Amino acid sequence: MTDGHNPPLTLGIAGFGTVGSGLIRILRENRAEITARTGREVRVKSVLVRDLSKARACPLPDGARLTDNPADLLDDPETDVVVELIGGTEHAGDLVRKALCAGKHVVTANKALLAEQGNDIFALAAEKKLHLGYEASVCGGIPIIRTLRQALAGDRLDSLVGILNGTSNFILSEMSDKAMDFASALKEAQTLGYAEADPVLDIDGRDAAQKLYLLIRLAWGAEYPYSAIPVCGITDVSPIDIRYAREFGCRIKLICYARLHGDDPQHGGIEAGVCPALVHERFLLARVEGAYNAVRAEGNAAGSVFLHGKGAGDLPTGSSVTADILDIAKNMPPDNTGYACPHLPAPARVIAPHESFSPHYLRLKVTDRPGVLRDMAAILADHAISLAQVIQKDDAAETSQEPADKAEPNTVPLVLMTHKASDDAVHKAVDALAASPFVRESPVRFRVLTGKTGALPNLRAGA
Ligand code: NAP
Ligand code: HSE
């Protein structure tokens, strides 16, 4: 249905998996709303897959053909937009470049591709004056790209903090609330369509880092090299630490953070990272559960803006893809990077670990003898780290991963919360502790998220 004047917008969709199926369902079920908003029909002409014989989650769109030949999208003069939902970087990169070179707009959900090849692809899209929509690549159904590119465009942003990976948040929530083991929770996330084709990207933090890279670029118009982002995933988060975190009134979350130092990214610098962190229950981020994501942006004019929503899955992600398609259908001018300059963004100064400060949680297994607390505090003091709280449990078995009868005798767990200390200092102190004779297991350490003022929330343990 059109108004008789506007020709339909014709899509070639590459990928008929989780996100492709979500998009196809939305285009069918919300057809009337889409036509009302754009004044034209959005139709799918072809859907590209690898395996033509595979069963699909929903029927093909009316009139569309299933193909395993990319040329059916790329060489078709009627196709206005190529929607890349195949994932990976090699074939997807090839498809996106060829589509742009053929004069077709591109919409993608592929953060891995944009983190790896974004500079070239954004430049090509700018040169060809075409849309490169990527709302779905960060935080599934949350409109974070639009928010940074448009709604907060008048602000100077101080920081971004968020939960950007649905799979790892789902796993941590299941481990925390249902005492589910890591492997079963991951399997469930895969069944629900949240995980990447290679779920290692989700649990080792790389998927979240790819998204953070894109957000930094939008927030500050600066190039913070993806390879410079310190990344630690959730594989070392154990039920013991989840329990101790609760004693401090905290949850453990895979946190992404980026903060501007000084007045601009080039001279002041940007501090960024992805790591599991203790988040106090008073913070909204602590209450982000399951596959939900959230981002807190601090602007110098808008103040604190908090976005929360489904970070993965067929329909939420399909919703973001659809919104990008609708921008094209409405003939909006491309505004892919949010900045007027079509060239590479200027490189940001990367804040080094000795300039990055945070409180830390440490868990040690130590020999139960007089003077251990003193020796441990001396090592921390040698690295200019001061203690905020210490918990010592009587029963080694309580915090051991071993069953009670196998727990090492004459050892006790020590759990510490430090005041703010540099990442570098904590790292070196942990190495020194690990090498000391009274520490019996590799120490565990996590950052503790602080509020806007950098203050440590009132922690409950020992109270
Ligand atoms: P998926 O379920 O594995 O689906 C991938 C689809 O692409 C399949 O239909 C597959 O065909 C097709 N495909 C893969 N390689 C191809 C190739 N070389 N040529 C032709 N077709 C190919 O993946 P997904 O979860 O939908 O994810 C797609 C993209 O969205 C990824 O970039 C992912 O990072 C991103 N994303 C996913 C989510 C989510 O919640 N799942 C959220 C945000 C962003 P066959 O079916 O024939 O194998
Ligand atoms: N695998 C990703 C996640 C999909 O779990 O967040 C959304 O980008």
* **In region 266-297, residue farthest from the chain's Cα centre (by Cα) [restricted to those that are within 19 Å of residue 154 (Cα to Cα) and crowded, with 24+ Cβ neighbours inside 10 Å]** => 297
* To do: Would you check if residue 209 is modelled with pLDDT of 95 or more, aliphatic (A, V, I, L, M), out of contact with any Cys (no Cβ under 9 Å at 6 or more places or on another chain) and at negative phi?
  => no
* Give the residues of region 321-353 that are farther than 28 Å from residue 271 by Cβ and either within 16 Å of ligand 1 (Cβ to nearest atom) or assigned to a helix (DSSP H, G or I) (or both), sorted by residue number. => 321, 322, 323, 324, 325, 326, 327, 328, 329
* To do: Please state which of the following conditions residue 293 fails to meet, knowing it meets all the rest: (1) more than 16 Å from ligand 1 (Cβ to nearest atom); (2) of a type in the set (S, T, N, Q); (3) not in a helix (DSSP H, G or I).
  => (1)
* Of the residues 222, 195, which is touching an Asp or Glu at 6+ places or on another chain (Cβ under 7 Å) and either within 16 Å of ligand 1 (Cβ to nearest atom) or among the small types (Gly, Ala, Ser) (or both)? -> 195
* To do: Hey, could you check region 51-68 for residues that are in a loop (DSSP other than H, G, I, E, B) and of a type in the set (A, V, I, L, M) and say which is nearest to ligand 2 (Cβ to nearest atom)?
  => 57
* When the residues of region 100-121 are filtered to those that are in contact (Cβ under 8 Å) with a residue 40 or more places away in the chain and aliphatic (A, V, I, L, M), which remaining residue is nearest to ligand 1 (Cβ to nearest atom)? -> 109
* Asked: Just for region 128-162: of the residues that are more than 14 Å from ligand 1 (Cβ to nearest atom) and in contact with a Lys or Arg (Cβ under 8 Å, 6 or more places away or on another chain), which one is nearest to residue 109 (Cα to Cα)?
  -> 130
* Taking into account only those residues within region 69-87 that are free of Cβ contacts under 8 Å to residues at least 40 places away in the same chain and assigned to a loop (DSSP other than H, G, I, E, B), which is nearest to the chain's Cα centre (by Cα)? -> 69
* Asked: Which condition breaks for residue 117 when tested against (1) in a helix (DSSP H, G or I); (2) in contact with a Gly (Cβ under 6 Å, 6 or more places away or on another chain); (3) over 25 Å from residue 346 (Cα atoms)?
  -> (3)
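Residue by residue, here is whether (1) closer than 21 Å to residue 306 by Cα; (2) more than 16 Å from ligand 2 (Cβ to nearest atom) holds:
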site: 197; (1), (2): no, no
site: 214; (1), (2): yes, no
site: 235; (1), (2): no, no
site: 245; (1), (2): no, yes
site: 248; (1), (2): no, yes
site: 257; (1), (2): yes, yes
site: 264; (1), (2): no, yes
* Which condition does residue 201 not pass, out of (1) surrounded by fewer than 18 Cβ atoms within 10 Å (Cβ to Cβ); (2) within 28 Å of residue 351 (Cα to Cα); (3) within 11 Å of ligand 2 (Cβ to nearest atom), if it passes all the others? -> (1)
* Asked: Restricting region 300-318 to residues that are touching a strand residue (DSSP E or B) at 6+ places or on another chain (Cβ under 9 Å) and in a helix (DSSP H, G or I), which is nearest to ligand 2 (Cβ to nearest atom)?
  -> 317
* To do: List every residue pair whose Cβ atoms lie under 8 Å apart, where the two residues are 6 or more positions apart in sequence or sit on different chains, the first residue falls within region 153-181 and is surrounded by 23 or more Cβ atoms within 10 Å (Cβ to Cβ), and the second residue, located anywhere, is hydroxyl-bearing (Ser, Thr, Tyr) and part of a loop (DSSP other than H, G, I, E, B).
  => 166/194; 167/194; 170/194
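The values are calculated or read from the model by the stated rules, or taken from the named source; none is laboratory data. Here the structure is a predicted model, which is why all the values come from computation and not from measurement. Cβ atoms come from the backbone with ideal geometry, glycine included; neighbour counts cover every protein chain shown.
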